[in-house]
Amino acid sequence: MKVLVADDDRIAAAVLAQTLSRWEFDVTVVADGADAWRHLEGASAPTLAVLDRMMPGLDGAEVCRRVRRDLPNANMYLVLLTSLDSGQDVVSGLDAGADDYVTKPFDVDELRARINVGVRVVSLQEKLSQRVLELQAALANVKQLHGLLPICSYCKRIRGDDQYWQQVESYIAARSDAQFSHGICPPCYEKLEVEIEEQRKKMRPRRSQ
Amino acid sequence: MTGGRQVFDRATFDRQLGGDRALGLQILQMFIEDCPERVAAIKRAVEQGDAGGLQTAAHTLKGSAGYLAAAFVVEVAVELERIGREGRLADAPSAVKQLEEAVARLMPEIERATLA
């Protein structure tokens, strides 16, 4: 999984990058918020970002705000790095759109746990997006029949929007994915059998004449 | 230890880096290179009466020293950052002296650690 690390302190950036690489993330490091934003809005953007709260130019909170405002459908988990003694930074950072925060200097076990939460959330979001795409594709193939249909009480033809009377099966087949296999139901078969027998009887005397 | 404050907690530093000795060495060397400029930036801000600059410079040093588990330097940097934030520049010179003392104690320990 791709992770972006943004910190203007090269020591913090090196520690973070090496730690995340050790956990087998594909890490990109930038030194300021403007560069972080360029990576996040790019075509192959990372899904996870660890952003320093205080950076020259665009700070971490501002980057979060831009991601949520300009990339509302992006599946990105944003973690802010804040100082231990700045509770207000945490509140304003989360309000700006960060998903979580880690205090500096981070505790390695806490960082791992919080990054794992991010991976879980991003993976779940990816699965949900995939399901939505599958459902949209399925819905595109479903045709629905609804509304009041004028049908002839005798021949059972249906009058379409074009005012032509159509056989039930051709009307339904044209408006849904249903297909028809033709057969004879038992009551109709009984009636038909009687009719055929009557026809035979009518035919016999003629033949004997 | 300095008045109960640890100068450099090697065990915590190693643990934070997951026992990665190469990374540890890299970080220590970066700090040795960067620390003089960080301290100079703090002094410059104090001399120029730039409270905002002091806050930023102290914040940066606090961050770097934090990764080294250098509690004494972190503590003084936190105080300098607060002085900058609150604009109490009259309190800055004594805090700068304390910072110089903390750094003077830290650097030899770090240099020793790079040789270990």
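All of (1) modelled with pLDDT of 90 or more; (2) under 30 Å from residue B:63 (Cβ atoms) hold for residue A:166 with one exception: (2).
The residue that is nearest to the other protein chains (Cβ to nearest Cβ), among those in region B:10-60 that are acidic (Asp, Glu) and under 24 Å from residue A:54 (Cβ atoms), is B:34. Please verify whether residue B:97 is surrounded by fewer than 18 Cβ atoms within 10 Å (Cβ to Cβ) and either away from every other protein chain (no Cβ under 13 Å) or not small (Gly, Ala, Ser) (or both), treating the condition exactly as stated. Judged against the criteria, residue B:97 is a match. Tallying residues that are in contact (Cβ under 8 Å) with a residue 24 or more places away in the chain and among the acidic types (Asp, Glu) within region A:160-178 yields 1. Checked across region A:134-157, the condition of being more than 30 Å from residue A:14 (Cα to Cα), part of a strand (DSSP E or B), in contact with a Leu (Cβ under 8 Å, 6 or more places away or on another chain) and among the aliphatic types (A, V, I, L, M) holds for no residue. Note on region A:120-144: residues that are touching an Asp or Glu at 6+ places or on another chain (Cβ under 9 Å) and modelled with pLDDT under 90 amount to 3.
Looking at residue B:80, is it within 14 Å of chain A (Cβ to nearest Cβ) and buried (at least 20 other Cβ atoms within 10 Å of the Cβ)? In short, yes.
Filtering A:110, A:197 for residues that are part of a helix (DSSP H, G or I), surrounded by 10 or more Cβ atoms within 10 Å (Cβ to Cβ) and not assigned by TED's automatic domain parsing to the domain that holds residue A:80 leaves a single hit, A:197.
Among the criteria (1) in contact with a Leu (Cβ under 8 Å, 6 or more places away or on another chain); (2) modelled with pLDDT of 95 or more; (3) surrounded by 20 or more Cβ atoms within 10 Å (Cβ to Cβ), the one residue A:28 does not fulfil is (3). Pairs linking a residue in region A:14-26 that is at the interface with chain B (Cβ under 9 Å from one of its Cβ atoms) to a residue that is in a helix (DSSP H, G or I) and of a type in the set (Phe, Trp, Tyr), with Cβ atoms under 8 Å and 6 or more positions apart or on different chains, are A:15/B:67.
Within region A:85-119, track down each residue that is more than 15 Å from residue A:13 (Cα to Cα) and in contact with a Gly (Cβ under 8 Å, 6 or more places away or on another chain). Working first, answer last.
To start, the set of residues in region A:85-119 that are more than 15 Å from residue A:13 (Cα to Cα) comprises A:85-101, A:109-110, A:112-119.
Residues satisfying the conditions are A:93, A:98, A:99, A:100, A:101.
Among the criteria (1) assigned by TED's automatic domain parsing to the domain that holds residue A:83; (2) in a loop (DSSP other than H, G, I, E, B), the one residue A:120 does not fulfil is (2).
Is it true that residue A:5 is more than 14 Å from chain B (Cβ to nearest Cβ) and under 21 Å from residue B:61 (Cα atoms)?
Working: more than 14 Å from chain B (Cβ to nearest Cβ): no; under 21 Å from residue B:61 (Cα atoms): yes.
Against the criterion (more than 14 Å from chain B (Cβ to nearest Cβ) and under 21 Å from residue B:61 (Cα atoms)), residue A:5 does not qualify.
Within region A:76-89, the set of residues being modelled with pLDDT of 90 or more and either in a loop (DSSP other than H, G, I, E, B) or of a type in the set (Gly, Ala, Ser) (or both) comprises just one member, A:76.
Does region A:31-60 hold any residues that are surrounded by fewer than 21 Cβ atoms within 10 Å (Cβ to Cβ) and within 11 Å of another protein chain (Cβ to nearest Cβ), and which are they? Scanning region A:31-60 gives a single hit, A:56.
Residue-by-condition table, conditions (1) acidic (Asp, Glu); (2) assigned by TED's automatic domain parsing to the domain that holds residue A:126; (3) within 21 Å of residue A:116 (Cα to Cα):
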| site | (1), (2), (3) |
| --- | --- |
| A:11 | no, yes, no |
| A:23 | no, yes, yes |
| A:32 | yes, yes, no |
| A:39 | no, yes, no |
| A:49 | no, yes, yes |
| A:54 | no, yes, no |
| A:58 | no, yes, no |
| A:61 | no, yes, no |
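From the list B:41, B:90, B:113, B:57, which residue is surrounded by 15 or more Cβ atoms within 10 Å (Cβ to Cβ), among the aliphatic types (A, V, I, L, M), in a helix (DSSP H, G or I) and modelled with pLDDT of 95 or more?
Details: B:90 fails: surrounded by 15 or more Cβ atoms within 10 Å (Cβ to Cβ); B:113 fails: modelled with pLDDT of 95 or more; B:57 fails: modelled with pLDDT of 95 or more.
Just a single option satisfies the conditions, and that option is B:41.
The values are calculated or read from the model by the stated rules, or taken from the named source; none is laboratory data. A quick note: this is a predicted structure, and the numbers were derived from the prediction, not measured. In this analysis, Cβ positions are derived from the backbone assuming ideal geometry, glycine residues included, and neighbour counts consider all displayed protein chains.
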